[in-house]
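All remarks here apply to the structure that follows.
The values are calculated or read from the model by the stated rules, or taken from the named source; none is laboratory data. Not measured: the values here are computed from a predicted model. Cβ placement follows ideal geometry from the backbone for every residue including glycine, while neighbour counts extend to all protein chains displayed.
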Amino acid sequence: MGCHSSKSVDSKTTRTARWRSTGIVGLRDAKLKTFPDEVLDLERSVRTIDLTHNKIVDIPMDIGKLVNLQRLVLAENLIDRLPMHVSKLESLKIMTLDANRITSLPDELGQLVRLERLSITKNSLSYLPETIGSLRNLVLLNVSKNKLKSLPESVGSCFSLEELHADDNSIEDLPESVCNLVHLKSLCLDNNNVKQIPTNLLKDCKALQNISLHGNPISMDQFQQMEGFQEFEARRKKKFDKQIDSNVMISSKGLDEGVDH
């Protein structure tokens, strides 16, 4: 009995030493119910944490001690909220929270100024905080499969945004500020309640190559009559031709006009 116990302490020590030297904590499918305390004790050593597919309910306040953390992956858990101390993760670039039970994000999220990719699909968000506009380095925002009725006006201040995915929500219209997203390449809004999109979207978002609006009450005619439609079509076709030239396999959905006919 004592022998077995010292063995497990040993393996725990070895594991912690490995985490400290590599900076990577990987505990997928580990049947965890709580965030492991020994990870928090590593403080500045940790750069990546992947706790996908466990049963973790809470993220501890002390997570703020991990000031060098760059990648936090907590998909497929039972988390219902983010603590405001998440704002102390000043090096964080990637945060993945897909398939949890999160109903809202704290205002402090806006302090994660280095964040480049935020994915929080399959949760229960009913709104996004206005402070999301402070995420000036955000390249990808994926909020598909939530309960959003709108996107905040401040999303137009996420100037680096290239991909915005908000499929399967209840969004009725887009804020005019989306027209400020000059680097936006892909806008996916399938299965919402969008009746129209901002008039200048195609004209102002000159990098846009893909818009997907299937399952919305917007007509193809409305879309084709927008200023900038011809230029958008040319970009989309150019991208498609390039993919064909490279023999890249793409799904048929990628070739759609992006609006139900």
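Descriptive notes on the structure:
- Any hit, the stretch 137-146, residues being outside any helix (DSSP H, G or I), β-branched (Val, Ile, Thr), more than 20 Å from MET226 (Cα to Cα) and modelled with pLDDT of 95 or more: yes
- Residue list for the stretch 147-157, filter: assigned to a loop (DSSP other than H, G, I, E, B) and surrounded by fewer than 19 Cβ atoms within 10 Å (Cβ to Cβ): LYS147, LYS149, SER150, PRO152
- Filtering the stretch 220-253 to residues that are modelled with pLDDT under 85 and closer than 29 Å to SER170 by Cα leaves MET220, ILE250, SER251, SER252, LYS253.
- Extreme residue, modelled with the highest pLDDT, among residues of the stretch 58-74 that are touching an Asp or Glu at 6+ places or on another chain (Cβ under 7 Å) and outside any loop (DSSP other than H, G, I, E, B): VAL73
- Answer residue from the stretch 203-228, given it is in a loop (DSSP other than H, G, I, E, B) and of a type in the set (A, V, I, L, M, F, W, C) and is surrounded by the fewest Cβ atoms within 10 Å (Cβ to Cβ) among those: ALA207
Conditions (1) in a strand (DSSP E or B); (2) under 28 Å from ILE120 (Cβ atoms); (3) in contact with a Ser or Thr (Cβ under 8 Å, 6 or more places away or on another chain), marked per residue:
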position	(1), (2), (3)
PHE159	no, yes, no
ILE171	no, yes, yes
VAL182	no, yes, no
ASN192	no, yes, yes
GLN230	no, no, no
GLU233	no, no, no
LYS242	no, no, no
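Okay, residues lined up against (1) crowded, with 16+ Cβ neighbours inside 10 Å; (2) of a type in the set (A, V, I, L, M); (3) closer than 19 Å to ARG117 by Cβ:
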| residue | (1), (2), (3) |
| --- | --- |
| ASP50 | yes, no, yes |
| LYS55 | no, no, no |
| ASP62 | yes, no, no |
| LEU78 | no, yes, no |
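- Condition met for GLY156 (in contact with a His (Cβ under 8 Å, 6 or more places away or on another chain), without any contact (Cβ under 8 Å) to a residue 40 or more places away in the chain and among the small types (Gly, Ala, Ser)): no
- Among the residues making up the stretch 41-57, those that are modelled with pLDDT of 95 or more and either out of contact with any helix residue (DSSP H, G or I) (no Cβ under 9 Å at 6 or more places or on another chain) or of a type in the set (A, V, I, L, M, F, W, C) (or both) are VAL46, ILE49, ASP50, LEU51, THR52, HIS53, ASN54, LYS55, ILE56, VAL57.
- Some residue of the stretch 80-90 being under 21 Å from ALA166 (Cβ atoms), under 15 Å from the mean Cα position of the chain (by Cα) and surrounded by fewer than 19 Cβ atoms within 10 Å (Cβ to Cβ): no
- Cβ separations smaller than 8 Å between residues 6+ apart or across chains give the following pairs from the stretch 189-209 residues that are at positive phi to residues that are assigned to a loop (DSSP other than H, G, I, E, B) and surrounded by 19 or more Cβ atoms within 10 Å (Cβ to Cβ): ASN191/ASP167; ASN191/ASP168; ASN191/ASN169; ASN191/ASN216.
- Listed by first and then second residue, the pairs linking a residue in the stretch 210-224 that is in contact (Cβ under 8 Å) with a residue 40 or more places away in the chain to a residue that is among the small types (Gly, Ala, Ser) and assigned to a loop (DSSP other than H, G, I, E, B), with Cβ atoms under 7 Å apart and 6 or more places separating them unless they lie on different chains, are ASN210/GLY258; ILE211/GLY258; SER212/GLY258; LEU213/GLY258.
- Residue list for the stretch 75-117, restricted to those being within 19 Å of ARG44 (Cα to Cα) and in a loop (DSSP other than H, G, I, E, B): LEU89, GLU90, SER91, LEU92, LYS93, LEU112, VAL113, ARG114, LEU115
- Residue match in the stretch 14-25 (condition: touching a Phe, Trp or Tyr at 6+ places or on another chain (Cβ under 9 Å), part of a strand (DSSP E or B) and without any contact (Cβ under 8 Å) to a residue 40 or more places away in the chain): yes
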